[in-house]
Amino acid sequence: MTRKPATLTDPRPTAERPALTEVVSALTPLREEVLANLAMLAQIPAPTRGESQRTRYLLDRLVAAGLSEASSDAAGNAIGFLPGKTGLRTVMLVAHLGTPICHTTEQEVVVEADRIVGHGVADNSLGAAVMSMVPCCLKELGIALDSNLQLVGSVRSLKRDQNEGLRYVLDHAERPSDFGLVLEGIRLGRLTTFTTGTVRADIICNVTGGGGNALIALNRIIDRLLSIAMPTRPFTKIRLGQIKAGDLYHVEPDSGELGLEVLSDSSEELDRIVGEIEEIVAESTASTGIETRLDCIFRRGPGGIPFAHPLVKSVVDVMSQLDIQPTQDDRPSELSEFVAAGIPAVTLGITDGETRLRQPDFVMIEPILTGVAQIIGVLLEIDRGACDEH
């Protein structure tokens, strides 16, 4: 039996947006489908550069939702296109398909009374699952947007690739996007409008010829890195994230790597610190005789849209209607690619939960539909022109 679309009984004129609290209740018939979609997607392994199974699953979902244009591109991204009635604007919804911690075999997902537990459910299986269901949600609500909707399940977002999939989409887009919405599983209320300037790099030591210990060389470099002057303002930080060296207790390591990030809200400070790191690395080679080099794998300058931008104001208004407390968040996401492309965009969270490296993630079930209603509300605001810069 075909289910009729929900009716939004808003007493205001139809030209105005529906009450978002009614959107939450109107989406209730899709609740189990959203949870099932999340559980299915989260069980598919998706290490970066190994997201092809998730890409196929997502494309199947988009085709089932009635999108005539749904296919993967040359980079392996899942791309869907829902044309608007007028096509005056194009909004790109993005959720990355990869997960930071991923097993090579099918992953267990447990649905409990109030939450869903499993590796990667928060980062970012929920974001991808909800993104793929946005067309179904619009249909359930009886909403036909004037704007085009471009749906992207992006690949190669993590580790050294750092948003390579979305970068490919934006560089090769046939239809330029006017706005971008980046969907992350957690947390509800997340509102990222600005990306901190970031340089990610590896310092690599290789012992050649005579004796030496790569771990000791890296330790000396770490001491020097920690002595680099950091301003209180603008925000600037060196984050030492990982170190790899050695295999056996009784053998001194002849190679090692130190992974780090340089973060700053100032391009000048970013340049200064990277320059000092290059000098430290060069001096290490000269003084120890151990070949040491700096391999910069990603660089992105600071930028974004101000809090006074109409898109941000509209998002805050939508959150207010749904009793969501907005929280500015500077964690990395695909937002940096929209910033680089000059496209107004924000990152939004869908529910509450937690990402954990050594234990499975979890997401809370009850807030999910509120998070979906938030996305619908922002789309309606964009669609009616409230987010345009005048």
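The values are calculated or read from the model by the stated rules, or taken from the named source; none is laboratory data. Values in this document were obtained by computation on a predicted structure and should not be read as measured data. Methodologically, a virtual Cβ is constructed for each residue, glycine included, from the backbone with ideal geometry; neighbour enumeration extends over all protein chains shown.
In contact with a Ser or Thr (Cβ under 6 Å, 6 or more places away or on another chain), modelled with pLDDT of 95 or more and part of a loop (DSSP other than H, G, I, E, B), is that true of Ile324? No; evaluated as a whole, the condition is false for this residue.
Would you say Thr351 is farther than 23 Å from Ala201 by Cα, of a type outside the set (Lys, Arg) and crowded, with 21+ Cβ neighbours inside 10 Å? In short, yes.
Restricting attention to segment 336-349, the residues that are outside any strand (DSSP E or B), farther than 16 Å from Gln150 by Cβ and of a type in the set (A, V, I, L, M) add up to 2.
Among the numbered conditions (1) under 20 Å from Ala128 (Cβ atoms); (2) touching a residue at least 60 places away in the same chain (Cβ under 8 Å), the only one that Arg356 does not meet is (2). Of everything in segment 135-159 that is over 21 Å from Leu38 (Cβ atoms) and in a loop (DSSP other than H, G, I, E, B), the residue that is farthest from the chain's Cα centre (by Cα) is Gly142.
Just one of (1) over 19 Å from Asp295 (Cβ atoms); (2) modelled with pLDDT under 95 fails for Met230. It is (2).
Which residues, counting only those in segment 346-369, are farther than 22 Å from Thr99 by Cβ and either modelled with pLDDT under 95 or not β-branched (Val, Ile, Thr) (or both)? Of everything in segment 346-369, those that are farther than 22 Å from Thr99 by Cβ and either modelled with pLDDT under 95 or not β-branched (Val, Ile, Thr) (or both) turn out to be Glu366, Leu369. Among the residues that make up segment 197-204, is at least one of them buried (at least 23 other Cβ atoms within 10 Å of the Cβ), at pLDDT below 95 and either touching a helix residue (DSSP H, G or I) at 6+ places or on another chain (Cβ under 7 Å) or not assigned by TED's automatic domain parsing to the domain that holds Asp247 (or both)? Yes, segment 197-204 contains a residue that is buried (at least 23 other Cβ atoms within 10 Å of the Cβ), at pLDDT below 95 and either touching a helix residue (DSSP H, G or I) at 6+ places or on another chain (Cβ under 7 Å) or not assigned by TED's automatic domain parsing to the domain that holds Asp247 (or both). Against the numbered list (1) under 20 Å from the mean Cα position of the chain (by Cα); (2) surrounded by fewer than 24 Cβ atoms within 10 Å (Cβ to Cβ), Glu108 comes up short only at (1).
Yes or no: Asp383 within 30 Å of Pro176 (Cβ to Cβ) and surrounded by fewer than 20 Cβ atoms within 10 Å (Cβ to Cβ)? Criteria not met by Asp383. Is it the case that segment 217-224 has a residue that's in a loop (DSSP other than H, G, I, E, B) and more than 30 Å from Gly304 (Cα to Cα)? So far as segment 217-224 goes, no, none of its residues is in a loop (DSSP other than H, G, I, E, B) and more than 30 Å from Gly304 (Cα to Cα).
Specify the residue that is modelled with the highest pLDDT; the eligible residues are those in segment 160-177 that are part of a loop (DSSP other than H, G, I, E, B) and buried (at least 19 other Cβ atoms within 10 Å of the Cβ). If we take residues in segment 160-177 being part of a loop (DSSP other than H, G, I, E, B) and buried (at least 19 other Cβ atoms within 10 Å of the Cβ), then Ser177 is modelled with the highest pLDDT. Against the test of being in contact with a Leu (Cβ under 8 Å, 6 or more places away or on another chain), within 23 Å of Asp295 (Cα to Cα) and small (Gly, Ala, Ser), the options Ser147, Ser157, Ser177 yield a single qualifying residue, Ser157.
Taking the criterion of being surrounded by fewer than 15 Cβ atoms within 10 Å (Cβ to Cβ) and out of contact with any Pro (no Cβ under 8 Å at 6 or more places or on another chain), the residues of segment 70-105 that qualify are Ser71, Ala74, Lys85, Thr86, Gly87, Leu88.
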